Each structure stands twice: as C-alpha cells, then as structure tokens.
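Undergrad: There's a structure below that I have some questions on.
Every number here is computed from the coordinates shown, using simple stated rules; none is lab data. Predicted model, so just to flag it, every value in this text is computed and none were measured. Counting neighbours? That spans all protein chains shown, and the Cβs are built from the backbone with ideal geometry, glycine included.
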Amino acid sequence: MRIPVELPAGAVTVTGDWTDARGGDVVIIAHGAGAGKDHPFLVGLADALGAQGFSTLRFNFPYVEQGRRMPGPAAHATATWRAVVGWVRAQDPSARVWATGKSYGGRMASMAVAEGLVVDGLAYLGYPLHAPGKPEKPRAEHLPAIAIPQLFLEGTNDPFIQPLEQFEAVVDACQNARVVWTDGGGHSFEVKGHKRPAAEVGASLAPAMAEFIGG
C-alpha cells in the first residue's frame, strides 16, 4: 500500500507493508538509515510480532522511495511518522499504536513524539545516542520530555552508545523508560561468535517488545 506524506516541497507517497491481526495493538516499524523496510531484520521482527497477535506496518522514508542512500531532513522523517500514524489510526481508531524503529528510524519517531505526535509507546531497536567515537555529541536532549513509555533494546557492544555509563544516564533522565540488553550485541544485535540470520535476530526481539506492550 501507499501512504501520502505532506512535505514542504509538496506531497509524496511512501510504500508500506501492512499486516492486520485485529488484536487491538499496532506496531509501526521504521527502518534504519542504511536499509529500507524490507531488510530481513525488520521482516523477521514483524513476522514474530504478527505471530503473537500484533498488527504491524513497515514503511519506507521518502529518501528510500527516491532511490537515495542518505536520509533527508529530519523534518521529512517526522512528517512521514505523522502520516503513517494517521493512516494506521484511520484503519482502526480504537487501536493502541506503538512506534518502533531501527536506529535512525527510532530516533526520528522520538523526535516526532517530542513535537506532538501521539502514540502509546516508543521502542528503540538500537538507539543511536551518538556517532561512533563521538560521545561528546549526544542526540538525547528531547528524550527526557517524552512522557509515554520508552523501551530501549540495546546491545552492550554497540559503538553508538559507548560509554554505557553515558547512555544509562540518559535513560535514567527519562520519565518512563527501561533498557533490555543483548549481552555482547552490536548495533544490529549481532554477537561475535554467534552468527545468526538477520531475520532470526529481529524475531528474537519480539518477546521483549510484546512484554513491553502488554505491560
């Protein structure tokens, strides 16, 4: 399906994959900066969530639709989040809506919520607190103002959140947030010496998300 998005330069459309489980909870899943909605990691996560009774929607940001590799302005991403959430609410106005995203996609969801987007909770699949090796430039100033529940799914070896003490301080500053760790996991939850298909890795995160939503 295609979802219209209003950008400053005019309207565009983005593609999405919608699975309606009629379970009362919808999980919207955004991709990271380097891959689109069809990355096996995201497909595996969506399939696993669907098996647990959650409706899911995976979608592309406009820059992916346009065939570009680098993300566009943050305002384009937050506008896309607003459009996608609006589309989901039109399908089922009574559903609870949960926003999640891999790295960049999750951070853009948090920025949209900080700007006023209404969802029931946020789940981050490897929040990119800063660029690797640049902890002096954190991307977290908006997180403490977010009142809805936030779940951080993180790998302990992720270079985007080192040193861990800095990341843990950011989470502690949030109003309603917790972390679920993957011991030894990197930014894509890969664990050295334990090679698994990306779809399997994504699916392995579904139980923690289901517990978060159920709680």
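Undergrad: What nm value, rounded to one decimal, do you get for the distance between residue 181 and residue 141 when each label is placed 7 Å out toward the C-beta?
TA: 3.0
Undergrad: Now for a different question. Taking the chain as a Gaussian network, where each spring joins two C-alpha atoms under 10 Å apart, which residue of 77, 51, 30 fluctuates the most?
TA: Sorting by GNM fluctuation, first place goes to 51.
Undergrad: Pull up all non-local amide H partners of residue 60: gap of 5 or more, or a different chain, and H-to-H distance under 5 Å with H placed in the peptide plane.
TA: Distant-sequence amide H within range of residue 60: 15.
Undergrad: Another one. How much length is gained if the chain between residue 15 and residue 70 is pulled fully straight, taking 0.36 nm per residue apart and subtracting their Cα-Cα distance, in nm to one decimal?
TA: Working: separation 55, 0.36 × 55 = 19.80 nm, distance 1.78 nm.
Length gained between residue 15 and residue 70: 18.0 nm.
Undergrad: Here's a follow-up. Trypsin sites (Lys or Arg not before Pro), restricted to region 7-105: which are DSSP loop and have at most 10 other Cβ atoms within 10 Å?
TA: Working: sites: 22, 37, 58, 68, 69, 82, 89, 96, 102; in loops: 22, 37, 68, 69.
Those that pass, being in a loop and sparsely packed, are 22, 69.
Undergrad: By what distance, in whole Å, do the Cα atoms of the chain stretch along each of the three principal axes, largest value first?
TA: Projected onto its principal axes, the Cα set of the chain covers 41, 37, 34 Å.
Undergrad: Amide H neighbours of residue 30 under 5 Å, at least 5 residues apart or on other chains, H built in the peptide plane: list them.
TA: When sequence neighbours closer than 5 places are left aside, the close amide H contacts are 100, 101, 102.
Undergrad: Can you sort 45, 153, 164 so the residue with the fewest Cβ neighbours within 10 Å comes first? Don't skip to the answer; put the middle values down first.
TA: Values: 45 27, 153 23, 164 14.
Ordered from fewest to most neighbouring Cβ atoms within 10 Å, 45, 153, 164 come out as 164, 153, 45.
Undergrad: Which of the lysines could a cross-linker bridge to residue 195, judged by Cα under 23 Å and excluding same-chain residues fewer than eight apart?
TA: Here the lysines satisfying the reach criterion relative to residue 195 are 37, 102.
Undergrad: Would you mind ranking 118, 85 so that the residue whose beta carbon has the fewest other beta carbons within 10 Å leads the list? Could the numbers behind the result be given before it?
TA: On the way: 118 11, 85 21.
Going from least to most buried by this count: 118, 85.
Undergrad: Shifting gears a bit: What is the magnitude of the charge dipole of the chain about its Cα centre, with +1 placed on the Cβ of each Lys and Arg, -1 on the Cβ of each Asp and Glu, and no other charges, expressed in debye to the nearest 20? Please report the intermediate quantities before stating the final value.
TA: Details: 18 positive and 21 negative charges, 102 e Å.
It comes to approximately 500 debye.
Undergrad: OK, next. Taking the Cα centroid of region 191-206 and of region 108-145, what is the distance between the two, rounded to the nearest whole Å?
TA: Each part reduced to its Cα centre gives a spacing of 24 Å.
Undergrad: A follow-up question, please. Just rank 204, 188, 110, fewest to most, by other beta-carbon atoms within 10 angstrom.
TA: Ascending Cβ contact count within 10 Å gives the list 204, 188, 110.
Undergrad: Further question: Taking the Cβ of residue 14 as the center, what net charge do the other residues with Cβ under 15 Å away carry, scoring Lys and Arg +1 and Asp and Glu -1? If you can, show how the numbers build up before the last one.
TA: Values: positive: 2, 37, 58, 68, 82; negative: 6, 17, 38, 65.
Net local charge, residue 14 excluded: +1.
Undergrad: Turning to a different aspect of this structure: Please work out the Cα center distance from region 21-79 to region 146-188, rounded to the nearest Å.
TA: Distance between centres, Cα-based: 20 Å.
Undergrad: Which value results for Rg/Rh of region 88-215 when Rg is the Cα radius of gyration and Rh the Kirkwood radius based on the inverse mean 1/r? The partial results should precede the final answer.
TA: Values: Rg = 14.6 Å, Rh = 15.1 Å.
When Rh is taken as the Kirkwood radius, the ratio is 0.97.
Undergrad: Determine the gain in length on full extension of the stretch residue 51-residue 134; use 0.36 nm per residue of separation and subtract their C-alpha separation, reporting nm with one decimal. Working shown, then result.
TA: Details: separation 83, 0.36 × 83 = 29.88 nm, distance 3.89 nm.
Contour length minus the Cα-Cα distance gives 26.0 nm.
Undergrad: If you scale each eigenvalue of the Cα gyration tensor by 5 and take the root, what three semi-axes come out for region 94-153, rounded to whole angstrom and sorted largest first? Don't skip to the answer; put the middle values down first.
TA: Values: eigenvalues 92, 29, 14 Å².
Its equivalent ellipsoid spans semi-axes of 22, 12, 8 Å.
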